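**Student:** One structure follows; several queries about it will come next.
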Amino acid sequence: MAKSMKLAGLKSVENAHDESVWTATWVPATDSRPSLLLTGSLDETVKLWRPDELDPIRTNTGHCLGVVSVAAHPSGVIAASAALDSFVRVFDVDTNATIATLEAPPSEVWQLQFDPKGKTLAVAGGGSASIKLWDTATWRLVATLSIPRPEGTKPSDKSSSKKFVLSVAWSPDGRRLACGSMDGTISIFDVARAKFLHHLEGHNMPVRSLVFSPELDSRKLYSASDDGHVHIYDVEGKAIIGAMSGHSGWVLSVDVSPDGEAIATGSSDKTVRLWDFKMRAALQVMSNHTDQVWAVAFRPGGRGGRLASVSDDKSISLYHCS
(Lines give C-alpha, C1' and ligand atoms only; values in the text may rest on other atoms or scores of the structure.)
Protein backbone atom coordinates (compact mmCIF):
# COMPACT_ATOMS: atom_id res chain seq x y z
CA MET A 1 0.00 0.00 0.00
CA ALA A 2 1.27 3.45 -0.94
CA LYS A 3 2.31 5.76 1.87
CA SER A 4 -0.42 8.28 2.70
CA MET A 5 0.27 12.00 2.43
CA LYS A 6 0.95 14.01 5.58
CA LEU A 7 0.65 17.74 6.23
CA ALA A 8 3.04 19.72 8.42
CA GLY A 9 2.52 23.41 9.21
CA LEU A 10 5.19 25.59 7.61
CA LYS A 11 4.09 29.17 8.14
CA SER A 12 1.04 31.19 9.14
CA VAL A 13 0.50 34.89 8.57
CA GLU A 14 -1.97 36.59 10.91
CA ASN A 15 -3.79 39.64 9.56
CA ALA A 16 -2.66 38.80 6.04
CA HIS A 17 -5.62 40.95 4.94
CA ASP A 18 -7.65 43.57 6.84
CA GLU A 19 -10.83 41.47 6.57
CA SER A 20 -11.90 37.87 5.88
CA VAL A 21 -9.81 36.06 3.25
CA TRP A 22 -12.28 34.44 0.87
CA THR A 23 -10.21 32.96 -1.92
CA ALA A 24 -6.74 31.65 -2.80
CA THR A 25 -4.97 30.07 -5.74
CA TRP A 26 -1.43 29.32 -6.88
CA VAL A 27 0.12 31.17 -9.81
CA PRO A 28 2.25 28.65 -11.76
CA ALA A 29 6.02 29.23 -11.93
CA THR A 30 7.47 30.95 -14.99
CA ASP A 31 11.04 30.82 -16.35
CA SER A 32 11.91 33.85 -14.26
CA ARG A 33 10.23 33.10 -10.91
CA PRO A 34 8.79 30.32 -8.74
CA SER A 35 5.07 29.79 -8.18
CA LEU A 36 3.33 32.39 -6.01
CA LEU A 37 0.22 32.40 -3.84
CA LEU A 38 -2.63 34.74 -4.77
CA THR A 39 -5.31 35.65 -2.21
CA GLY A 40 -8.48 37.76 -2.32
CA SER A 41 -10.38 39.33 0.55
CA LEU A 42 -13.48 41.10 1.75
CA ASP A 43 -11.06 44.06 2.20
CA GLU A 44 -11.37 44.57 -1.62
CA THR A 45 -7.72 43.70 -2.30
CA VAL A 46 -5.82 40.90 -4.00
CA LYS A 47 -2.40 40.03 -2.58
CA LEU A 48 0.55 38.12 -3.98
CA TRP A 49 2.81 36.09 -1.65
CA ARG A 50 6.17 34.35 -2.05
CA PRO A 51 6.44 30.91 -0.41
CA ASP A 52 7.73 29.50 1.90
CA GLU A 53 8.04 32.58 4.07
CA LEU A 54 4.80 34.03 2.70
CA ASP A 55 6.57 37.32 2.05
CA PRO A 56 4.08 39.85 0.69
CA ILE A 57 5.07 40.90 -2.83
CA ARG A 58 2.25 43.22 -3.78
CA THR A 59 -1.27 44.39 -2.97
CA ASN A 60 -3.63 44.95 -5.92
CA THR A 61 -6.47 47.42 -5.45
CA GLY A 62 -9.17 48.32 -7.92
CA HIS A 63 -12.26 46.43 -6.77
CA CYS A 64 -14.84 48.37 -4.78
CA LEU A 65 -16.34 45.38 -2.99
CA GLY A 66 -15.05 42.10 -1.56
CA VAL A 67 -13.04 39.76 -3.79
CA VAL A 68 -14.84 36.42 -4.13
CA SER A 69 -12.52 34.54 -6.48
CA VAL A 70 -9.01 34.57 -7.94
CA ALA A 71 -7.72 32.44 -10.81
CA ALA A 72 -4.34 32.05 -12.49
CA HIS A 73 -3.64 31.39 -16.17
CA PRO A 74 -1.71 28.13 -16.72
CA SER A 75 1.20 30.15 -18.18
CA GLY A 76 1.65 31.90 -14.82
CA VAL A 77 1.83 35.24 -16.64
CA ILE A 78 -1.67 36.57 -16.04
CA ALA A 79 -4.36 36.15 -13.40
CA ALA A 80 -7.91 37.30 -12.77
CA SER A 81 -9.91 38.44 -9.76
CA ALA A 82 -13.68 38.70 -9.38
CA ALA A 83 -15.49 40.76 -6.78
CA LEU A 84 -18.97 41.49 -5.48
CA ASP A 85 -18.83 44.68 -7.59
CA SER A 86 -19.51 42.33 -10.57
CA PHE A 87 -16.23 43.17 -12.26
CA VAL A 88 -13.55 40.71 -13.29
CA ARG A 89 -10.09 42.26 -13.43
CA VAL A 90 -7.47 40.49 -15.57
CA PHE A 91 -3.92 41.56 -14.78
CA ASP A 92 -0.25 40.86 -15.45
CA VAL A 93 1.04 38.96 -12.42
CA ASP A 94 4.51 40.53 -12.40
CA THR A 95 3.66 44.16 -13.24
CA ASN A 96 0.02 44.40 -12.08
CA ALA A 97 -0.87 46.09 -15.39
CA THR A 98 -4.59 45.73 -16.12
CA ILE A 99 -5.08 43.58 -19.22
CA ALA A 100 -8.88 43.55 -19.31
CA THR A 101 -11.87 44.51 -17.20
CA LEU A 102 -14.90 42.29 -17.73
CA GLU A 103 -18.23 43.63 -16.55
CA ALA A 104 -21.28 41.61 -15.56
CA PRO A 105 -24.74 42.44 -14.20
CA PRO A 106 -25.03 42.51 -10.38
CA SER A 107 -24.52 39.17 -8.57
CA GLU A 108 -23.45 37.39 -11.77
CA VAL A 109 -19.76 36.93 -11.02
CA TRP A 110 -18.66 34.19 -8.63
CA GLN A 111 -15.94 31.60 -9.04
CA LEU A 112 -13.49 31.85 -11.96
CA GLN A 113 -11.26 29.29 -13.64
CA PHE A 114 -9.04 29.31 -16.74
CA ASP A 115 -9.25 26.20 -18.90
CA PRO A 116 -6.17 23.92 -18.88
CA LYS A 117 -4.84 25.37 -22.16
CA GLY A 118 -5.51 28.96 -21.08
CA LYS A 119 -7.70 29.87 -24.06
CA THR A 120 -10.92 30.48 -22.10
CA LEU A 121 -11.87 31.97 -18.76
CA ALA A 122 -15.00 30.41 -17.23
CA VAL A 123 -17.00 32.53 -14.80
CA ALA A 124 -19.72 31.06 -12.56
CA GLY A 125 -22.65 33.32 -13.35
CA GLY A 126 -24.44 33.53 -10.01
CA GLY A 127 -28.00 34.72 -10.47
CA SER A 128 -27.87 34.21 -14.24
CA ALA A 129 -27.87 30.42 -13.59
CA SER A 130 -25.14 30.03 -16.20
CA ILE A 131 -21.43 29.88 -16.86
CA LYS A 132 -19.95 32.69 -18.96
CA LEU A 133 -16.98 31.88 -21.21
CA TRP A 134 -14.53 34.64 -22.15
CA ASP A 135 -11.91 34.29 -24.90
CA THR A 136 -8.48 35.10 -23.41
CA ALA A 137 -7.13 36.38 -26.75
CA THR A 138 -9.82 39.02 -27.35
CA TRP A 139 -11.51 39.16 -23.90
CA ARG A 140 -14.85 38.87 -25.63
CA LEU A 141 -17.74 36.88 -24.19
CA VAL A 142 -17.90 33.84 -26.49
CA ALA A 143 -20.54 31.62 -24.87
CA THR A 144 -23.12 31.42 -22.12
CA LEU A 145 -23.80 27.91 -20.86
CA SER A 146 -27.21 28.03 -19.20
CA ILE A 147 -28.63 25.52 -16.76
CA PRO A 148 -31.99 24.41 -18.13
CA ARG A 149 -35.00 25.34 -16.03
CA PRO A 150 -37.00 22.46 -14.54
CA GLU A 151 -39.91 21.44 -16.78
CA GLY A 152 -43.02 23.52 -16.44
CA THR A 153 -41.52 26.47 -14.58
CA LYS A 154 -41.77 30.03 -15.83
CA PRO A 155 -38.75 32.34 -15.91
CA SER A 156 -40.21 34.34 -13.03
CA ASP A 157 -40.50 31.29 -10.77
CA LYS A 158 -38.42 31.15 -7.62
CA SER A 159 -36.70 28.04 -9.00
CA SER A 160 -34.11 30.17 -10.81
CA SER A 161 -32.69 31.44 -7.50
CA LYS A 162 -32.01 27.85 -6.49
CA LYS A 163 -29.88 27.43 -9.62
CA PHE A 164 -27.66 30.35 -8.53
CA VAL A 165 -24.22 29.22 -9.75
CA LEU A 166 -21.47 29.43 -7.15
CA SER A 167 -18.66 27.19 -8.37
CA VAL A 168 -17.03 26.07 -11.61
CA ALA A 169 -14.39 23.50 -12.63
CA TRP A 170 -12.80 22.39 -15.92
CA SER A 171 -11.98 18.78 -16.68
CA PRO A 172 -8.22 18.28 -17.28
CA ASP A 173 -8.77 17.77 -21.03
CA GLY A 174 -10.85 20.97 -21.24
CA ARG A 175 -13.83 19.14 -22.76
CA ARG A 176 -16.21 19.35 -19.80
CA LEU A 177 -17.27 22.08 -17.40
CA ALA A 178 -18.97 21.42 -14.10
CA CYS A 179 -20.83 24.03 -12.08
CA GLY A 180 -22.31 23.84 -8.60
CA SER A 181 -25.52 25.58 -7.59
CA MET A 182 -27.25 26.89 -4.49
CA ASP A 183 -29.79 24.01 -4.52
CA GLY A 184 -27.06 21.34 -4.42
CA THR A 185 -27.23 20.27 -8.07
CA ILE A 186 -24.10 20.01 -10.20
CA SER A 187 -24.49 20.66 -13.94
CA ILE A 188 -22.17 19.18 -16.57
CA PHE A 189 -21.60 20.84 -19.95
CA ASP A 190 -19.95 19.78 -23.20
CA VAL A 191 -17.79 22.84 -23.86
CA ALA A 192 -17.11 22.40 -27.59
CA ARG A 193 -20.81 22.11 -28.37
CA ALA A 194 -21.82 24.60 -25.62
CA LYS A 195 -24.39 22.02 -24.60
CA PHE A 196 -25.86 21.03 -21.23
CA LEU A 197 -25.36 17.28 -20.72
CA HIS A 198 -26.83 16.31 -17.35
CA HIS A 199 -27.12 17.00 -13.64
CA LEU A 200 -25.28 15.16 -10.87
CA GLU A 201 -27.57 14.68 -7.89
CA GLY A 202 -26.85 13.90 -4.25
CA HIS A 203 -26.26 17.17 -2.43
CA ASN A 204 -29.19 19.10 -1.02
CA MET A 205 -27.39 22.29 -0.01
CA PRO A 206 -25.11 24.77 -1.84
CA VAL A 207 -22.11 23.32 -3.69
CA ARG A 208 -19.41 25.96 -3.17
CA SER A 209 -16.41 24.13 -4.59
CA LEU A 210 -15.64 21.58 -7.32
CA VAL A 211 -12.43 20.04 -8.65
CA PHE A 212 -11.67 17.30 -11.16
CA SER A 213 -9.03 14.69 -10.43
CA PRO A 214 -5.90 15.73 -12.40
CA GLU A 215 -5.41 12.69 -14.66
CA LEU A 216 -5.79 13.83 -18.29
CA ASP A 217 -8.64 11.43 -19.05
CA SER A 218 -10.25 12.05 -15.66
CA ARG A 219 -13.99 11.59 -15.25
CA LYS A 220 -13.72 11.93 -11.47
CA LEU A 221 -15.16 15.08 -9.89
CA TYR A 222 -14.96 16.07 -6.21
CA SER A 223 -17.63 18.36 -4.74
CA ALA A 224 -17.86 20.24 -1.43
CA SER A 225 -21.24 21.21 -0.01
CA ASP A 226 -22.87 22.99 2.90
CA ASP A 227 -24.50 19.62 3.72
CA GLY A 228 -21.15 18.63 5.28
CA HIS A 229 -20.26 16.03 2.65
CA VAL A 230 -17.63 15.64 -0.06
CA HIS A 231 -18.92 13.59 -3.00
CA ILE A 232 -16.90 11.85 -5.69
CA TYR A 233 -18.73 11.52 -9.01
CA ASP A 234 -18.12 9.72 -12.28
CA VAL A 235 -19.06 12.67 -14.49
CA GLU A 236 -19.79 10.66 -17.63
CA GLY A 237 -21.57 7.84 -15.82
CA LYS A 238 -23.61 10.32 -13.74
CA ALA A 239 -22.96 8.20 -10.63
CA ILE A 240 -21.73 8.93 -7.11
CA ILE A 241 -18.70 6.67 -6.64
CA GLY A 242 -17.94 7.77 -3.11
CA ALA A 243 -18.86 10.12 -0.28
CA MET A 244 -16.84 11.35 2.65
CA SER A 245 -17.96 13.11 5.78
CA GLY A 246 -16.34 14.22 9.00
CA HIS A 247 -16.55 18.01 9.07
CA SER A 248 -18.99 19.32 11.66
CA GLY A 249 -19.98 22.25 9.44
CA TRP A 250 -20.28 23.34 5.82
CA VAL A 251 -17.55 22.15 3.47
CA LEU A 252 -16.57 25.39 1.75
CA SER A 253 -13.64 24.30 -0.40
CA VAL A 254 -12.10 21.16 -1.88
CA ASP A 255 -8.87 20.64 -3.82
CA VAL A 256 -6.98 17.60 -5.03
CA SER A 257 -3.22 17.04 -4.83
CA PRO A 258 -1.26 17.18 -8.11
CA ASP A 259 -0.77 13.38 -8.05
CA GLY A 260 -4.51 12.84 -7.54
CA GLU A 261 -3.94 10.77 -4.40
CA ALA A 262 -5.13 13.11 -1.66
CA ILE A 263 -7.91 15.63 -1.18
CA ALA A 264 -7.95 18.67 1.10
CA THR A 265 -11.04 20.45 2.36
CA GLY A 266 -11.76 23.63 4.30
CA SER A 267 -14.86 24.07 6.42
CA SER A 268 -16.96 26.40 8.53
CA ASP A 269 -15.90 24.14 11.45
CA LYS A 270 -12.54 26.05 11.27
CA THR A 271 -10.53 22.99 10.20
CA VAL A 272 -8.60 21.85 7.16
CA ARG A 273 -8.87 18.10 6.52
CA LEU A 274 -6.68 15.85 4.43
CA TRP A 275 -8.46 12.81 2.98
CA ASP A 276 -7.35 9.60 1.36
CA PHE A 277 -9.59 8.88 -1.62
CA LYS A 278 -9.04 5.11 -1.56
CA MET A 279 -9.78 4.87 2.16
CA ARG A 280 -12.65 7.43 1.95
CA ALA A 281 -11.40 8.73 5.28
CA ALA A 282 -9.79 11.80 6.83
CA LEU A 283 -6.08 11.20 7.44
CA GLN A 284 -5.45 14.44 9.27
CA VAL A 285 -7.25 17.42 10.78
CA MET A 286 -5.42 20.77 10.94
CA SER A 287 -6.75 23.37 13.39
CA ASN A 288 -4.57 26.40 12.60
CA HIS A 289 -7.53 28.69 11.94
CA THR A 290 -9.87 30.30 14.47
CA ASP A 291 -12.73 30.90 12.03
CA GLN A 292 -14.21 29.30 8.92
CA VAL A 293 -11.81 28.18 6.22
CA TRP A 294 -12.95 29.54 2.85
CA ALA A 295 -10.32 28.07 0.57
CA VAL A 296 -7.69 25.34 0.34
CA ALA A 297 -5.28 25.12 -2.59
CA PHE A 298 -2.53 22.65 -3.48
CA ARG A 299 0.46 24.07 -5.34
CA PRO A 300 0.54 22.59 -8.85
CA GLY A 301 3.34 20.10 -9.70
CA GLY A 302 7.00 20.89 -9.16
CA ARG A 303 9.22 20.30 -6.16
CA GLY A 304 7.90 19.80 -2.66
CA GLY A 305 4.16 19.72 -2.16
CA ARG A 306 2.46 22.72 -0.60
CA LEU A 307 -1.07 23.38 0.55
CA ALA A 308 -2.41 26.82 1.45
CA SER A 309 -5.56 27.67 3.43
CA VAL A 310 -7.29 31.01 4.03
CA SER A 311 -9.95 31.97 6.52
CA ASP A 312 -12.43 34.45 7.94
CA ASP A 313 -9.81 34.90 10.69
CA LYS A 314 -7.82 37.03 8.13
CA SER A 315 -4.91 34.61 8.13
CA ILE A 316 -3.12 32.39 5.59
CA SER A 317 -1.60 29.04 6.55
CA LEU A 318 0.96 27.16 4.47
CA TYR A 319 1.59 23.44 4.90
CA HIS A 320 4.25 21.07 3.62
CA CYS A 321 2.80 17.93 2.03
CA SER A 322 4.95 14.80 2.20
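**Student:** How high is the relative contact order of segment 1-142, in percent, counting Cα pairs under 8 Å that sit 6 or more residues apart?
**Tutor:** Normalised by residue count, the contact order of segment 1-142 is 14 percent.
**Student:** Compute the Cα gyration tensor for the chain, then decide on rounded, prolate or oblate, letting a ≥ b ≥ c be the square roots of its eigenvalues: rounded whenever a/c is under 1.5, prolate when a/b is larger than b/c in the other cases, and oblate in all that remain.
**Tutor:** Rounded.
**Student:** Would you please give the FRET efficiency between Glu19 and His199, computed as 1/(1 + (r/R0)^6) with r the Cβ-Cβ distance and R0 = 35 Å, to the nearest 0.05?
**Tutor:** With R0 = 35 Å, the Cβ-Cβ based efficiency is 0.50.
**Student:** Something else about it: Karplus couplings for segment 237-248 from phi (6.51 cos²θ - 1.76 cosθ + 1.60, θ = phi - 60°), rounded to Hz, Gly and Pro as x?
**Tutor:** Calculated HN-Hα couplings, in order: x, 6, 10, 6, 9, x, 9, 10, 9, x, 5, 9 Hz.
**Student:** If you stretched the chain out fully between Val77 and Asp52, how much longer would it get, using 0.36 nm times the residue separation minus the C-alpha to C-alpha distance?
**Tutor:** 7.0 nm
**Student:** Tally up the carbon and sulfur contribution to the accessible surface of the chain as a whole percent, 1.4 Å probe, everything protein left in place.
**Tutor:** C and S fraction of accessible area: 51 percent.
**Student:** Which lysines have a Cα lying under 20 Å from the Cα of Lys119, excluding residues fewer than 8 positions away in the same chain?
**Tutor:** Candidates past the 8-residue exclusion: Lys132, Lys195.
**Student:** For Asp183, what residues show an amide H to amide H distance below 5 Å, using hydrogens built from the backbone and excluding near sequence neighbours?
**Tutor:** Amide H neighbours of Asp183: Phe164.
**Student:** Next question, about the same structure. Under the classification rounded if a/c is under 1.5, otherwise prolate if a/b is larger than b/c and oblate if not, where does segment 66-155 fall, given a ≥ b ≥ c as square roots of the Cα gyration tensor eigenvalues?
**Tutor:** prolate
**Student:** So for the pair Glu103, Thr138, with labels modelled 7 Å out along Cα→Cβ, what separation do we get in nm?
**Tutor:** 2.0
**Student:** Using alpha-carbon pairs under 8 Å, 6+ residues apart, how would you state the relative contact order of segment 177-322 in percent?
**Tutor:** 13
**Student:** Length gain on complete extension for the stretch Asp173 to Lys11, per 0.36 nm per residue less the alpha carbon to alpha carbon distance?
**Tutor:** Additional length available on full extension: 54.9 nm.
**Student:** Sticking with this structure for a sec: With the contact rule set at Cα under 8 Å and sequence spacing of 6 or more, what percent relative contact order holds for the chain?
**Tutor:** Computed over the chain, the figure is 14 percent.
**Student:** Go ahead and run the numbers for FRET between Lys278 and Asp217, Cβ-Cβ distance against an R0 of 25 Å, rounding to 0.05.
**Tutor:** 0.85
**Student:** Using the heavy atoms of the protein chains and a 1.4 angstrom probe, tell me the accessible area per residue for the chain in square angstrom.
**Tutor:** 41
**Student:** Students sometimes get this wrong: rank Asp217, Asp227 by accessible area, probe 1.4 Å, all chains present, largest first.
**Tutor:** Asp217, Asp227
**Student:** How would segment 217-322 be classified by its alpha-carbon gyration tensor: rounded, prolate or oblate, with rounded meaning a/c under 1.5 and the a/b versus b/c comparison settling the rest?
**Tutor:** Oblate shape, in that a/c is at least 1.5 and b/c is the bigger or equal ratio.
The values are calculated or read from the model by the stated rules, or taken from the named source; none is laboratory data. Just so you know, these numbers come straight off a predicted model, no measurement behind them. Because the Cβ atoms are built from the backbone with ideal geometry, glycine has one as well, and the counts that use them run over all protein chains shown. With ligands, DNA and RNA removed, areas are computed over all heavy atoms of the protein, side chains included. Shrake-Rupley method; radii C 1.70, N 1.55, O 1.52, S 1.80 Å.
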